[in-house]
Amino acid sequence: MSDCFDRAPGAGRGQGQGRGRGRGGGALLSGSGAAESGSSGARLAGSGFHSSGAAETQHKPGFLQQQEPLRPPKTAPPGTGNAEHMPQTKVPPVSQDKIAAHDCGSAMAKPQLVVAPVATSKLSVNAPEFYPSGYNPSFTDSSFEDGGDGYPTLTEYVQDFLNHLTEQPGCFETEIEHFAETLNGWVTTDEALQELVELIYRQATSVPNFSYMGARLCNYLSHHLTINPQSGNFRQLLLQRCQTEYENRDQAAKGDEATRKQFHAFVLFLAELYLNLEIKGTKGQVMRAEILQTGLRELLNALFSNPVDNNLICAVKLLKLTGSVLEDAWKEKGKTDMDEMVQRIENVVLDANCSRDVKQMLLKLVELRSSNWGRVHVTSTYREATPENDPNYFMNEPTFYTSDGVPFTAADPDYQEKYQELLDREDFFPDYEENGTDLSGAGDPYFDDIDDEMDPEIEEAYEKFCLESERKRKQ
(Lines give C-alpha, C1' and ligand atoms only; values in the text may rest on other atoms or scores of the structure.)
Protein backbone atom coordinates (compact mmCIF):
# COMPACT_ATOMS: atom_id res chain seq x y z
CA MET A 1 0.00 0.00 0.00
CA SER A 2 3.02 2.23 0.51
CA ASP A 3 3.63 2.07 -3.26
CA CYS A 4 0.60 4.25 -3.81
CA PHE A 5 2.11 7.13 -1.79
CA ASP A 6 5.74 7.23 -3.01
CA ARG A 7 5.71 10.77 -4.45
CA ALA A 8 5.99 14.22 -3.02
CA PRO A 9 2.94 16.50 -3.20
CA GLY A 10 2.73 18.21 -6.63
CA ALA A 11 5.43 16.05 -8.27
CA GLY A 12 5.06 15.36 -12.02
CA ARG A 13 2.52 18.08 -12.68
CA GLY A 14 2.82 20.04 -16.00
CA GLN A 15 5.56 17.82 -17.48
CA GLY A 16 4.48 18.01 -21.13
CA GLN A 17 1.85 17.15 -23.66
CA GLY A 18 2.47 13.43 -23.78
CA ARG A 19 1.95 13.10 -20.08
CA GLY A 20 -1.19 15.13 -20.29
CA ARG A 21 -2.54 12.65 -22.81
CA GLY A 22 -1.41 9.83 -20.60
CA ARG A 23 -3.58 11.31 -17.89
CA GLY A 24 -6.56 10.88 -20.16
CA GLY A 25 -5.85 7.17 -20.44
CA GLY A 26 -5.40 6.93 -16.68
CA ALA A 27 -8.79 8.50 -16.13
CA LEU A 28 -10.36 5.90 -18.35
CA LEU A 29 -8.76 3.04 -16.40
CA SER A 30 -9.90 4.46 -13.10
CA GLY A 31 -13.51 4.20 -14.14
CA SER A 32 -14.53 7.53 -12.51
CA GLY A 33 -15.87 10.52 -14.39
CA ALA A 34 -17.66 8.58 -17.15
CA ALA A 35 -18.18 11.43 -19.60
CA GLU A 36 -14.64 12.82 -19.41
CA SER A 37 -12.97 9.45 -19.41
CA GLY A 38 -15.03 8.12 -22.29
CA SER A 39 -14.26 11.05 -24.54
CA SER A 40 -10.54 11.05 -23.75
CA GLY A 41 -10.27 7.34 -24.22
CA ALA A 42 -12.05 7.52 -27.60
CA ARG A 43 -9.67 10.17 -28.89
CA LEU A 44 -6.62 8.23 -27.76
CA ALA A 45 -7.87 5.01 -29.29
CA GLY A 46 -8.53 6.48 -32.74
CA SER A 47 -5.50 8.74 -33.17
CA GLY A 48 -2.73 6.19 -33.09
CA PHE A 49 -0.85 8.37 -30.63
CA HIS A 50 -1.43 6.07 -27.72
CA SER A 51 1.68 3.98 -28.42
CA SER A 52 4.05 6.80 -27.60
CA GLY A 53 2.06 7.67 -24.49
CA ALA A 54 2.06 4.05 -23.41
CA ALA A 55 5.77 3.71 -24.05
CA GLU A 56 6.49 6.79 -22.00
CA THR A 57 4.44 5.55 -19.11
CA GLN A 58 6.13 2.16 -19.25
CA HIS A 59 9.46 3.81 -18.51
CA LYS A 60 7.94 5.78 -15.60
CA PRO A 61 6.17 3.39 -13.29
CA GLY A 62 5.29 6.17 -10.89
CA PHE A 63 3.13 7.96 -13.43
CA LEU A 64 -0.22 6.54 -12.41
CA GLN A 65 0.54 7.20 -8.74
CA GLN A 66 1.09 10.83 -9.62
CA GLN A 67 -2.28 11.08 -11.30
CA GLU A 68 -4.77 9.86 -8.71
CA PRO A 69 -8.25 9.14 -9.99
CA LEU A 70 -11.15 11.33 -8.98
CA ARG A 71 -12.83 10.24 -5.76
CA PRO A 72 -16.50 9.36 -6.33
CA PRO A 73 -19.06 11.31 -4.25
CA LYS A 74 -19.87 9.67 -0.90
CA THR A 75 -23.55 9.97 -1.54
CA ALA A 76 -23.39 7.93 -4.69
CA PRO A 77 -25.16 4.59 -4.46
CA PRO A 78 -23.05 1.42 -4.31
CA GLY A 79 -21.82 0.27 -7.69
CA THR A 80 -21.54 3.71 -9.30
CA GLY A 81 -18.50 3.96 -11.57
CA ASN A 82 -18.06 0.20 -12.07
CA ALA A 83 -16.64 -0.99 -15.38
CA GLU A 84 -19.86 -2.65 -16.46
CA HIS A 85 -21.67 0.68 -16.45
CA MET A 86 -19.05 2.42 -18.61
CA PRO A 87 -19.34 2.74 -22.41
CA GLN A 88 -17.52 -0.01 -24.27
CA THR A 89 -14.32 1.61 -25.63
CA LYS A 90 -10.98 0.26 -26.67
CA VAL A 91 -8.48 0.41 -23.87
CA PRO A 92 -4.79 0.93 -24.68
CA PRO A 93 -2.45 -1.79 -23.55
CA VAL A 94 -0.83 -1.10 -20.21
CA SER A 95 1.70 -2.91 -18.12
CA GLN A 96 1.00 -5.03 -15.06
CA ASP A 97 2.66 -2.42 -12.85
CA LYS A 98 0.13 0.16 -13.96
CA ILE A 99 -2.74 -2.16 -13.33
CA ALA A 100 -1.47 -2.97 -9.84
CA ALA A 101 -1.01 0.70 -9.09
CA HIS A 102 -4.46 1.47 -10.43
CA ASP A 103 -6.05 -1.24 -8.30
CA CYS A 104 -4.41 0.20 -5.21
CA GLY A 105 -5.61 3.72 -6.01
CA SER A 106 -9.11 2.52 -6.82
CA ALA A 107 -9.35 0.70 -3.49
CA MET A 108 -8.45 3.90 -1.70
CA ALA A 109 -10.74 6.01 -3.84
CA LYS A 110 -13.89 3.96 -3.30
CA PRO A 111 -14.45 3.16 0.40
CA GLN A 112 -16.90 0.44 1.20
CA LEU A 113 -20.23 1.83 2.42
CA VAL A 114 -21.87 -0.34 5.09
CA VAL A 115 -25.64 -0.07 4.98
CA ALA A 116 -27.37 -0.98 8.25
CA PRO A 117 -30.20 -3.45 7.84
CA VAL A 118 -33.64 -1.88 8.03
CA ALA A 119 -35.52 -3.07 11.12
CA THR A 120 -39.11 -3.85 10.39
CA SER A 121 -41.76 -3.58 13.11
CA LYS A 122 -45.14 -5.21 13.37
CA LEU A 123 -46.47 -2.56 15.75
CA SER A 124 -49.50 -0.67 14.58
CA VAL A 125 -51.69 2.09 15.97
CA ASN A 126 -54.67 0.05 14.84
CA ALA A 127 -53.71 -2.99 16.92
CA PRO A 128 -56.22 -4.05 19.60
CA GLU A 129 -55.53 -3.19 23.23
CA PHE A 130 -53.37 -5.65 25.12
CA TYR A 131 -54.31 -6.95 28.56
CA PRO A 132 -52.48 -9.55 30.67
CA SER A 133 -54.00 -13.00 30.91
CA GLY A 134 -56.74 -13.21 33.49
CA TYR A 135 -57.26 -9.43 33.51
CA ASN A 136 -60.67 -7.94 32.83
CA PRO A 137 -60.33 -4.21 32.01
CA SER A 138 -63.92 -3.44 33.02
CA PHE A 139 -65.36 -6.08 35.26
CA THR A 140 -68.76 -4.40 35.45
CA ASP A 141 -69.15 -4.76 31.68
CA SER A 142 -68.76 -8.53 31.78
CA SER A 143 -71.28 -10.87 30.26
CA PHE A 144 -72.71 -11.40 33.72
CA GLU A 145 -74.92 -8.38 33.08
CA ASP A 146 -76.74 -10.53 30.55
CA GLY A 147 -77.51 -13.24 33.10
CA GLY A 148 -74.06 -14.67 33.74
CA ASP A 149 -73.78 -16.70 30.55
CA GLY A 150 -70.08 -15.75 30.30
CA TYR A 151 -69.24 -17.56 33.57
CA PRO A 152 -70.16 -21.23 33.75
CA THR A 153 -69.80 -21.45 37.54
CA LEU A 154 -69.97 -19.22 40.57
CA THR A 155 -66.38 -20.09 41.41
CA GLU A 156 -65.05 -18.64 38.17
CA TYR A 157 -67.03 -15.44 38.55
CA VAL A 158 -66.05 -14.82 42.18
CA GLN A 159 -62.41 -15.75 41.58
CA ASP A 160 -62.26 -13.41 38.60
CA PHE A 161 -63.57 -10.56 40.72
CA LEU A 162 -61.18 -11.31 43.59
CA ASN A 163 -58.22 -11.30 41.20
CA HIS A 164 -59.51 -8.05 39.78
CA LEU A 165 -59.56 -6.49 43.25
CA THR A 166 -56.07 -7.79 43.94
CA GLU A 167 -54.69 -6.11 40.82
CA GLN A 168 -56.76 -2.92 41.11
CA PRO A 169 -57.86 -2.33 44.71
CA GLY A 170 -58.92 1.22 43.87
CA CYS A 171 -61.96 -0.06 41.95
CA PHE A 172 -63.59 -1.44 45.11
CA GLU A 173 -65.89 1.54 45.65
CA THR A 174 -67.11 1.66 42.04
CA GLU A 175 -67.66 -2.06 41.42
CA ILE A 176 -68.64 -3.63 44.72
CA GLU A 177 -72.30 -2.68 44.35
CA HIS A 178 -72.60 -4.42 41.00
CA PHE A 179 -70.80 -7.46 42.38
CA ALA A 180 -73.20 -7.75 45.33
CA GLU A 181 -76.25 -7.37 43.09
CA THR A 182 -74.93 -10.13 40.83
CA LEU A 183 -74.36 -12.44 43.80
CA ASN A 184 -77.91 -11.89 44.98
CA GLY A 185 -79.08 -13.29 41.67
CA TRP A 186 -76.68 -16.24 41.79
CA VAL A 187 -76.23 -17.29 45.44
CA THR A 188 -79.58 -18.87 46.27
CA THR A 189 -78.57 -22.05 48.10
CA ASP A 190 -76.64 -22.98 51.23
CA GLU A 191 -73.96 -24.68 49.17
CA ALA A 192 -73.41 -21.57 47.01
CA LEU A 193 -73.08 -19.37 50.10
CA GLN A 194 -70.60 -21.79 51.67
CA GLU A 195 -68.58 -21.77 48.47
CA LEU A 196 -68.57 -17.96 48.39
CA VAL A 197 -67.30 -17.76 51.98
CA GLU A 198 -64.56 -20.29 51.30
CA LEU A 199 -63.36 -18.49 48.17
CA ILE A 200 -63.06 -15.14 49.96
CA TYR A 201 -61.38 -16.68 53.01
CA ARG A 202 -58.86 -18.53 50.86
CA GLN A 203 -58.00 -15.39 48.87
CA ALA A 204 -57.63 -13.28 52.02
CA THR A 205 -55.27 -15.76 53.71
CA SER A 206 -53.19 -16.83 50.71
CA VAL A 207 -52.66 -13.67 48.66
CA PRO A 208 -50.27 -11.17 50.27
CA ASN A 209 -51.77 -7.78 51.18
CA PHE A 210 -55.33 -8.90 50.40
CA SER A 211 -56.38 -9.30 54.05
CA TYR A 212 -57.53 -5.67 54.33
CA MET A 213 -59.45 -5.75 51.05
CA GLY A 214 -60.93 -9.13 51.99
CA ALA A 215 -62.15 -7.74 55.32
CA ARG A 216 -63.81 -4.79 53.59
CA LEU A 217 -65.44 -7.15 51.10
CA CYS A 218 -66.76 -9.34 53.92
CA ASN A 219 -68.20 -6.34 55.73
CA TYR A 220 -70.02 -5.13 52.60
CA LEU A 221 -71.44 -8.53 51.72
CA SER A 222 -72.59 -9.14 55.30
CA HIS A 223 -74.88 -6.11 54.95
CA HIS A 224 -75.99 -6.46 51.32
CA LEU A 225 -76.44 -10.18 50.61
CA THR A 226 -80.13 -10.94 50.87
CA ILE A 227 -79.90 -14.73 51.25
CA ASN A 228 -80.46 -15.88 54.83
CA PRO A 229 -80.63 -19.70 54.91
CA GLN A 230 -81.16 -21.82 57.97
CA SER A 231 -77.46 -22.66 58.19
CA GLY A 232 -76.68 -18.97 58.79
CA ASN A 233 -76.12 -15.78 56.86
CA PHE A 234 -72.87 -14.69 55.29
CA ARG A 235 -71.34 -13.22 58.47
CA GLN A 236 -72.21 -16.26 60.57
CA LEU A 237 -70.72 -18.66 58.05
CA LEU A 238 -67.59 -16.51 57.83
CA LEU A 239 -67.11 -16.54 61.61
CA GLN A 240 -67.66 -20.31 61.65
CA ARG A 241 -64.91 -20.69 59.05
CA CYS A 242 -62.58 -18.60 61.19
CA GLN A 243 -63.55 -20.61 64.26
CA THR A 244 -62.28 -23.78 62.59
CA GLU A 245 -58.84 -22.24 62.10
CA TYR A 246 -58.90 -20.63 65.54
CA GLU A 247 -59.35 -23.92 67.35
CA ASN A 248 -56.08 -25.22 65.89
CA ARG A 249 -54.07 -22.18 67.06
CA ASP A 250 -51.77 -24.02 69.50
CA GLN A 251 -50.83 -26.75 67.04
CA ALA A 252 -50.33 -24.21 64.24
CA ALA A 253 -48.04 -22.02 66.38
CA LYS A 254 -45.86 -25.07 67.09
CA GLY A 255 -45.95 -26.44 63.54
CA ASP A 256 -43.40 -26.26 60.78
CA GLU A 257 -42.57 -23.10 58.89
CA ALA A 258 -45.27 -23.58 56.23
CA THR A 259 -47.95 -24.24 58.86
CA ARG A 260 -46.93 -21.18 60.87
CA LYS A 261 -46.96 -19.02 57.74
CA GLN A 262 -50.56 -20.02 57.01
CA PHE A 263 -51.47 -19.44 60.64
CA HIS A 264 -49.96 -15.94 60.61
CA ALA A 265 -51.98 -15.04 57.51
CA PHE A 266 -55.14 -16.11 59.37
CA VAL A 267 -54.17 -14.01 62.42
CA LEU A 268 -53.71 -10.85 60.38
CA PHE A 269 -56.94 -11.44 58.46
CA LEU A 270 -58.83 -11.84 61.74
CA ALA A 271 -57.30 -8.55 62.93
CA GLU A 272 -58.53 -6.80 59.78
CA LEU A 273 -61.98 -8.33 60.32
CA TYR A 274 -62.03 -6.95 63.86
CA LEU A 275 -61.31 -3.46 62.56
CA ASN A 276 -63.61 -3.51 59.52
CA LEU A 277 -66.52 -5.84 60.30
CA GLU A 278 -69.42 -3.73 61.57
CA ILE A 279 -72.27 -5.21 63.59
CA LYS A 280 -75.45 -3.41 64.58
CA GLY A 281 -76.24 -3.52 68.27
CA THR A 282 -79.62 -3.98 69.93
CA LYS A 283 -80.19 -0.22 69.89
CA GLY A 284 -79.11 0.19 66.28
CA GLN A 285 -75.62 1.41 67.08
CA VAL A 286 -72.67 0.24 65.00
CA MET A 287 -70.12 -1.77 66.96
CA ARG A 288 -67.30 -4.21 66.46
CA ALA A 289 -67.62 -7.96 66.90
CA GLU A 290 -66.69 -8.57 70.51
CA ILE A 291 -66.06 -12.23 69.88
CA LEU A 292 -63.17 -11.26 67.61
CA GLN A 293 -61.67 -9.19 70.43
CA THR A 294 -61.56 -12.28 72.65
CA GLY A 295 -60.15 -14.35 69.80
CA LEU A 296 -57.29 -11.92 69.19
CA ARG A 297 -56.36 -12.06 72.87
CA GLU A 298 -56.03 -15.85 72.73
CA LEU A 299 -54.13 -15.74 69.47
CA LEU A 300 -51.56 -13.42 71.08
CA ASN A 301 -51.18 -15.90 73.93
CA ALA A 302 -50.54 -18.70 71.44
CA LEU A 303 -47.91 -16.65 69.63
CA PHE A 304 -46.03 -15.62 72.78
CA SER A 305 -46.19 -19.16 74.15
CA ASN A 306 -44.03 -20.27 71.22
CA PRO A 307 -41.51 -17.41 70.95
CA VAL A 308 -39.80 -18.20 67.69
CA ASP A 309 -38.89 -15.32 65.45
CA ASN A 310 -41.75 -15.47 62.95
CA ASN A 311 -44.35 -15.93 65.71
CA LEU A 312 -43.04 -12.86 67.51
CA ILE A 313 -42.96 -10.83 64.30
CA CYS A 314 -46.60 -11.76 63.66
CA ALA A 315 -47.50 -10.67 67.21
CA VAL A 316 -45.79 -7.32 66.67
CA LYS A 317 -47.74 -6.76 63.43
CA LEU A 318 -50.99 -7.70 65.17
CA LEU A 319 -50.45 -5.25 68.04
CA LYS A 320 -49.32 -2.44 65.78
CA LEU A 321 -52.50 -2.92 63.77
CA THR A 322 -55.04 -3.34 66.57
CA GLY A 323 -53.22 -2.40 69.80
CA SER A 324 -54.84 1.00 70.30
CA VAL A 325 -58.35 -0.28 69.57
CA LEU A 326 -57.91 -3.34 71.79
CA GLU A 327 -56.57 -1.29 74.70
CA ASP A 328 -59.45 1.20 74.48
CA ALA A 329 -61.98 -1.64 74.44
CA TRP A 330 -60.33 -3.36 77.41
CA LYS A 331 -60.14 -0.13 79.39
CA GLU A 332 -63.86 0.48 78.89
CA LYS A 333 -64.48 -2.84 80.60
CA GLY A 334 -61.95 -2.12 83.34
CA LYS A 335 -59.53 -4.80 82.13
CA THR A 336 -55.75 -4.61 82.23
CA ASP A 337 -55.12 -7.07 79.43
CA MET A 338 -52.76 -4.72 77.60
CA ASP A 339 -50.60 -4.25 80.69
CA GLU A 340 -50.34 -8.01 81.01
CA MET A 341 -49.42 -8.27 77.34
CA VAL A 342 -46.64 -5.69 77.70
CA GLN A 343 -45.28 -7.54 80.71
CA ARG A 344 -45.22 -10.70 78.69
CA ILE A 345 -43.34 -8.97 75.90
CA GLU A 346 -40.69 -7.79 78.35
CA ASN A 347 -40.29 -11.32 79.67
CA VAL A 348 -39.80 -12.61 76.14
CA VAL A 349 -37.10 -10.02 75.50
CA LEU A 350 -35.25 -11.15 78.63
CA ASP A 351 -35.67 -14.92 78.40
CA ALA A 352 -36.47 -16.03 74.85
CA ASN A 353 -33.78 -17.16 72.41
CA CYS A 354 -35.01 -14.94 69.61
CA SER A 355 -32.78 -12.87 67.36
CA ARG A 356 -31.51 -9.44 68.30
CA ASP A 357 -33.57 -7.75 65.56
CA VAL A 358 -36.80 -9.31 66.85
CA LYS A 359 -35.99 -8.20 70.40
CA GLN A 360 -35.47 -4.69 69.06
CA MET A 361 -38.88 -4.84 67.38
CA LEU A 362 -40.50 -5.87 70.66
CA LEU A 363 -38.83 -3.03 72.54
CA LYS A 364 -39.98 -0.54 69.89
CA LEU A 365 -43.51 -1.91 70.31
CA VAL A 366 -43.37 -1.29 74.06
CA GLU A 367 -42.14 2.23 73.36
CA LEU A 368 -45.00 2.78 70.93
CA ARG A 369 -47.53 1.70 73.52
CA SER A 370 -46.00 4.03 76.14
CA SER A 371 -46.63 6.94 73.73
CA ASN A 372 -50.34 6.00 73.55
CA TRP A 373 -49.78 4.16 70.25
CA GLY A 374 -48.62 7.35 68.59
CA ARG A 375 -51.94 9.12 69.10
CA VAL A 376 -52.03 12.80 70.06
CA HIS A 377 -55.16 14.04 71.83
CA VAL A 378 -55.99 17.73 71.46
CA THR A 379 -56.44 19.08 74.98
CA SER A 380 -58.07 22.37 74.01
CA THR A 381 -59.82 23.90 71.04
CA TYR A 382 -58.95 27.18 69.37
CA ARG A 383 -61.46 29.16 71.42
CA GLU A 384 -60.09 27.75 74.65
CA ALA A 385 -56.47 28.50 73.73
CA THR A 386 -54.62 30.84 76.09
CA PRO A 387 -51.04 32.08 76.29
CA GLU A 388 -50.48 29.59 79.10
CA ASN A 389 -51.52 26.38 77.29
CA ASP A 390 -50.77 27.24 73.64
CA PRO A 391 -47.16 28.03 72.70
CA ASN A 392 -48.33 29.29 69.29
CA TYR A 393 -50.86 31.70 70.76
CA PHE A 394 -48.88 34.79 69.69
CA MET A 395 -47.41 33.28 66.54
CA ASN A 396 -49.15 35.59 64.05
CA GLU A 397 -49.26 38.72 66.24
CA PRO A 398 -47.72 41.89 64.71
CA THR A 399 -44.59 43.56 66.07
CA PHE A 400 -44.77 47.16 67.32
CA TYR A 401 -42.06 49.64 68.30
CA THR A 402 -41.96 52.10 71.16
CA SER A 403 -40.84 55.72 70.81
CA ASP A 404 -37.33 54.54 71.69
CA GLY A 405 -37.38 51.96 68.89
CA VAL A 406 -37.73 48.97 71.21
CA PRO A 407 -39.82 46.17 69.58
CA PHE A 408 -42.66 44.55 71.50
CA THR A 409 -45.42 42.06 70.75
CA ALA A 410 -48.56 40.80 72.45
CA ALA A 411 -46.46 38.21 74.24
CA ASP A 412 -44.72 40.89 76.33
CA PRO A 413 -46.06 41.27 79.88
CA ASP A 414 -46.44 45.07 79.57
CA TYR A 415 -48.00 44.85 76.11
CA GLN A 416 -51.20 46.70 77.06
CA GLU A 417 -49.33 49.65 78.56
CA LYS A 418 -46.92 50.00 75.63
CA TYR A 419 -49.68 49.62 73.07
CA GLN A 420 -51.83 52.29 74.75
CA GLU A 421 -48.82 54.59 74.81
CA LEU A 422 -48.37 54.03 71.12
CA LEU A 423 -52.01 54.88 70.44
CA ASP A 424 -51.79 58.04 72.54
CA ARG A 425 -48.63 59.15 70.81
CA GLU A 426 -49.93 58.66 67.29
CA ASP A 427 -53.55 59.37 68.19
CA PHE A 428 -54.28 56.85 65.46
CA PHE A 429 -55.26 59.72 63.10
CA PRO A 430 -53.19 62.10 60.97
CA ASP A 431 -53.11 65.14 63.36
CA TYR A 432 -49.43 64.39 63.55
CA GLU A 433 -46.35 66.57 63.28
CA GLU A 434 -43.20 65.18 61.84
CA ASN A 435 -40.06 67.34 62.08
CA GLY A 436 -42.21 70.29 63.05
CA THR A 437 -44.40 70.05 59.95
CA ASP A 438 -48.16 69.72 60.32
CA LEU A 439 -49.12 67.13 57.73
CA SER A 440 -52.78 68.03 58.05
CA GLY A 441 -52.29 71.79 57.87
CA ALA A 442 -54.05 74.14 55.50
CA GLY A 443 -52.79 74.38 51.98
CA ASP A 444 -52.30 70.64 51.54
CA PRO A 445 -54.69 69.63 48.75
CA TYR A 446 -54.76 66.02 49.91
CA PHE A 447 -55.76 66.65 53.52
CA ASP A 448 -58.03 69.54 52.63
CA ASP A 449 -60.24 67.15 50.66
CA ILE A 450 -60.59 64.67 53.55
CA ASP A 451 -64.05 64.64 55.11
CA ASP A 452 -63.67 64.20 58.89
CA GLU A 453 -67.28 63.12 59.25
CA MET A 454 -68.04 59.38 58.90
CA ASP A 455 -71.24 57.97 57.57
CA PRO A 456 -73.56 56.99 60.46
CA GLU A 457 -73.71 53.37 59.37
CA ILE A 458 -69.93 53.19 59.04
CA GLU A 459 -69.50 54.83 62.42
CA GLU A 460 -71.88 52.37 64.06
CA ALA A 461 -70.13 49.42 62.46
CA TYR A 462 -66.75 50.74 63.53
CA GLU A 463 -67.90 51.12 67.12
CA LYS A 464 -69.17 47.56 67.14
CA PHE A 465 -65.85 46.39 65.74
CA CYS A 466 -63.91 48.22 68.46
CA LEU A 467 -66.12 46.83 71.21
CA GLU A 468 -65.82 43.31 69.86
CA SER A 469 -62.05 43.62 69.57
CA GLU A 470 -61.79 44.88 73.12
CA ARG A 471 -63.95 42.05 74.42
CA LYS A 472 -61.84 39.42 72.66
CA ARG A 473 -58.67 41.04 73.97
CA LYS A 474 -59.90 40.79 77.56
CA GLN A 475 -60.81 37.13 77.15
Point to revise | Highest-first arrangement of 252-259, 342-349, 454-461, where packing means the average Cβ count within 10 Å | key: 342-349, 252-259, 454-461
Check your understanding: How long is the gain from E247 to S371 if the chain were fully straight, where each residue apart is worth 0.36 nm and the alpha carbon distance is subtracted?
Key -> 41.2 nm
Check your understanding: Based on the Cβ-Cβ distance from N228 to L275, what FRET efficiency comes out when R0 is 30 Å, to the nearest 0.05?
Key -> 0.75
Check your understanding: What spacing in nm lies between the two simple spin-label points modelled at R356 and A180, each 7 Å away from Cα in the Cβ direction?
Key -> 5.2
Exercise for review: Mind ranking 211-217, 267-273 by how tightly packed they are, going by the mean number of other C-beta atoms within 10 angstrom, highest first?
Suggested key: 267-273, 211-217
Point to revise | Positive-pole candidate from G284, F263, N301, dipole of the stretch 254-340, charges at beta carbon | key: G284
Exercise for review: Roll a 1.4 Å probe over the protein chains and send me the accessible area per residue for the stretch 155-227 in Å².
Suggested key: 43
Practice item. Could you give me the percent of Cα pairs per 10 Å distance bin for the stretch 224-375, shortest bin first, beginning at zero and ending with the bin that holds the maximum distance? Key: 10, 37, 34, 14, 4, 0
Exercise for review: Assuming R0 = 22 Å, can you tell me the calculated FRET efficiency for the pair S403 and E468, based on Cβ-Cβ distance, to the nearest 0.05?
Suggested key: 0.15
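The values are calculated or read from the model by the stated rules, or taken from the named source; none is laboratory data. Just so it is clear, the model here is predicted, and its values are computed rather than measured. As a convention, Cβ positions derive from the backbone with ideal geometry for all residues, glycine included, and neighbour counts pool all protein chains shown. Remember, those area values only see protein heavy atoms, side chains included, never the ligands or the DNA or RNA. Shrake-Rupley method; radii C 1.70, N 1.55, O 1.52, S 1.80 Å.
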